[in-house]
Amino acid sequence: MPRLLPRLLRRLPAVLAVSAGALLTGCGGPTPAAPPNFLVIVADDLGYTDIGAFGGEIRTPHLDDLAASGLRFTSFYTSATCSPTRAMLLSGVDHHRAGLGGMASLMGEDLAGRVGYEGFLNEHVHHLPAVLREAGYHTSIAGKWHLGQAEDQAPPARGFDRSFVLLPGAASHFEDAAPVDLLDEIRYREDGAFVDALPEGFYSTRFHTDRLMDYIGEAVEQEKPFFALGTYTAPHWPLQAPDEFLDLYAGRYDGGWEELARSRIDGAKRAGVIPADVEAPALPAYARAWSDLGPEAQRVEARKMEIYAAMVERLDHHIGRLVAFLEERGLLENTMILFFSDNGPAGEDVTGLPGNDVFLRETFDFSYERMGRMGSFVWYGPEWAQAASAPYRYFKQFNHEGGIRVPGFAVVPERLRGRLPGAVSGAFVQVIDLFPTLVEAAGAALPPAEPGVAPPTGRSFLPLLTGDSDEGHPEPVAGWELFGRRAYREGAWKIVWLAPPLGEGAWALYNLDDDPGELRDLAGERRDVLARLLEGWDRYVEANGVIVVEDDRAFGQPVPLR
């Protein structure tokens with residue numbers, strides 16, 4: 001596919017509009033502007049610097065061109081894991097209100113089933129696809145669901161016209177659809193019905209792209225604008241790619257994770273997505289030094305990262321196919337595209353899931369020769385994940401920056417754009433903000449208040465996309481809680497609570513303007529700021545029905561080595 005940026009820059013807009021739904025004047029008199037289409041792409045466990053537009057070495061030309069033709073966000077925030085983020089995207093509220101106060105299979109008997117902890121996207125919130133469908137949109141999803149397995153919790157019950165989804169959090173990426181834990185029965189649903197068998201040659205990233213193109217084609221046939229949600233399952237473990245792509249990065253990571261972290265930080269600085277003076281963090285307490293590994297261990301660890309990189313490159317390839325499909329059908333010029341990861345990179349040890357220490361070894365082939373192929377199981381661990389988060393601290397499951405600050409960008413139709421392509425914004429944007437943003441861009445109205453249904457609390461950042469404002473939230477104010485781990489932020493100040501052994505079991509205080517890597521705890525020096533943020537934390541807990549637990553319920557976390 002030809003490079004996208006030159007094509008976008010050569011466009012000659014036929015009309016201009018200051019906002020969605022405005023009246024456009026043509027030679028025949030005032031005519032209503034066509035509602036924009038929406039393509040929202042969510043990657044699974046993608047690291048902050050994994051794509052070239054954010055400083056990475058993995059070949060992602062299509063994503064890089066899209067990012068260069070739009071607006072990159074350097075402060076885009078999600079939850080620390082996947083299903084809470086997806087619940088926030090589709091409801092516009094904190095995940096504790098939407099039914100995913102914790103991960104469905106990992107909440108514990110004391111939380112499971114309580115209000116906000118139902119383990120599925122509940123009916124106490126509005127659902128974005130239903131709102132857009134009411135506004136005349138064709139709505140579709142292909143990829144990961146992870147928001148409920150029952151028929152009345154499936155995508156059709158939440159407003160999607162068409163859907164092909166993986167119900168649990170992960171599975172083999174090939175047609176065997178092998179389960180990866182003992183918590184969920186692996187099943188796919190298509191338009192609400194169980195899929196008995198996947199077609200021969202199935203590979204998740206390719207197939208989900210094909211389905212999205214089919215669904216968008218149906219919208220065109222019905223002469224409707226579309227909301228298409230691509231919730232890709234790459235690059236989530238198990239790390240797998242078709243055989244012909246497994247050696248694309250052979251030898252590239254033989255220098256180890258410290259070398260990768262340094263190159264990623266340098267690349268992110270050149271890309272303008274981290275401060276030029278940010279500190280490179282020291283090797284974390286849980287991390288092994290690459291030089292301490294023997295040759296065979298290094299060979300295995302480098303292979304893990306090679307397979308991961310191949311998965312990311314294939315994700316980019318198929319997103320490129322999707323964008324080319326839109327352009328060939330004349331849809332690209334009226335399609336708003338948003339891309340982001342659902343959380344930070346996955347550094348957990350998957351054997352930490354209940355029973356997985358035995359189940360995985362009995363189910364999969366762990367030989368070096370089979371790594372990345374059907375029947376194998378590979379995850380890449382905390383050291384590679386930390387390199388993908390650098391300079392931010394930690395990764396998926398943590399409410400430190402590396403777990404919740406993700407790569408994201410938006411490409412806006414020419415008739416709505418008020419800023420030059422290639423802009424970078426540090427405005428604070430949250431995943432709950434997509435709900436009101438897309439509704440406003442569609443020219444629709446937010447749902448009216450209903451008894452027992454939480455209204456969207458996100459804030460539209462459409463003015464940021466159209467150039468009418470340089471801010472998402474004028475002052476960042478947000479809270480996070482998951483697995484008993486806690487964080488709260490006001491402006492540059494952020495407090496984080498993490499139980500031992502990785503934390504102190506006490507609140508730490510950081511100034512993100514001076515210390516984005518959360519390396520210097522100022523709780524003892526600025527007790528006034530700590531007290532103020534603790535009051536804000538209490539307000540967040542009360543407003544969102546958070547049930548605070550004292551024990552750490554995350555799985556597969558690294559153990560300090562020193």
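The values are calculated or read from the model by the stated rules, or taken from the named source; none is laboratory data. Worth saying up front: this structure is predicted, and the values here are computed from it rather than measured. Quick reminder, even Gly has a Cβ in these numbers, built from the backbone with ideal geometry, and neighbours come from all protein chains shown. For the accessible areas, the whole protein counts, side chains as well, though only heavy atoms, and no ligand, DNA or RNA atoms are used. Shrake-Rupley method; radii C 1.70, N 1.55, O 1.52, S 1.80 Å.
Computed over the chain, the per-residue total of -39500 (n - 2.57) for DSSP H runs of n ≥ 4 gives a 222 nm mean residue ellipticity of -8500 deg cm²/dmol, rounded to 500. When you count the other C-beta atoms within 10 angstrom of each residue and take the mean per peptide, 520-527, 346-353 line up highest first as 346-353, 520-527.
Taking amide H positions as modeled 1.01 Å from N, with prolines and chain starts lacking one, the residues under 5 Å from Val195 and 5 or more places away or on another chain are Tyr188, Arg189, Glu190.
May I ask you to give the percent of accessible area on segment 312-381 that is carbon plus sulfur, with a probe radius of 1.4 Å?
Details: 1130 of 2400 Å².
The value for segment 312-381 is 47 percent carbon and sulfur by accessible area.
So, with a 1.4 angstrom probe, what is the percent of accessible area on segment 71-160 that is carbon and sulfur?
Working: 1100 of 2380 Å².
Whole-percent figure for carbon plus sulfur exposure: 46.
If you take all other residues with their beta carbon under 14 Å from the beta carbon of Ala543, and give Lys and Arg +1 and Asp and Glu -1, the sum is -3.
The shape of segment 414-514 comes out oblate: with a ≥ b ≥ c from the C-alpha gyration tensor, a/c is at least 1.5 while a/b does not beat b/c.
Looking at the chain, the accessible area is 36 square angstrom per residue; that uses a 1.4 Å probe and ignores ligands, DNA and RNA.
Ligands, DNA and RNA left out, the 1.4 Å accessible surface of segment 442-501 is 55% carbon and sulfur atoms.
For Ser163, the residues whose modelled amide H falls within less than 5 Å of its own, excluding neighbours fewer than 5 places apart on the same chain, are Ile141, Asp191. The lysine pair count for the chain, using Cα distances under 29 Å and pairs eight or more places apart or on different chains, is 8.
Here the relative contact order of the chain, from alpha carbon pairs under 8 Å that lie six or more residues apart, stands at 22 percent. Of all DSSP bridge pairs formed entirely within the chain, close to 55 percent run antiparallel. In the neighborhood of Glu383, defined by Cβ-to-Cβ distances under 12 Å, what is the net charge if each Lys or Arg adds +1 and each Asp or Glu adds -1? Spelling it out: positives minus negatives among the neighbours equals -3.
Please compute the net charge surrounding Glu151, taking Lys and Arg as +1 and Asp and Glu as -1 over other residues with Cβ under 12 Å from its Cβ. Summing Lys and Arg as +1 and Asp and Glu as -1 gives +1.
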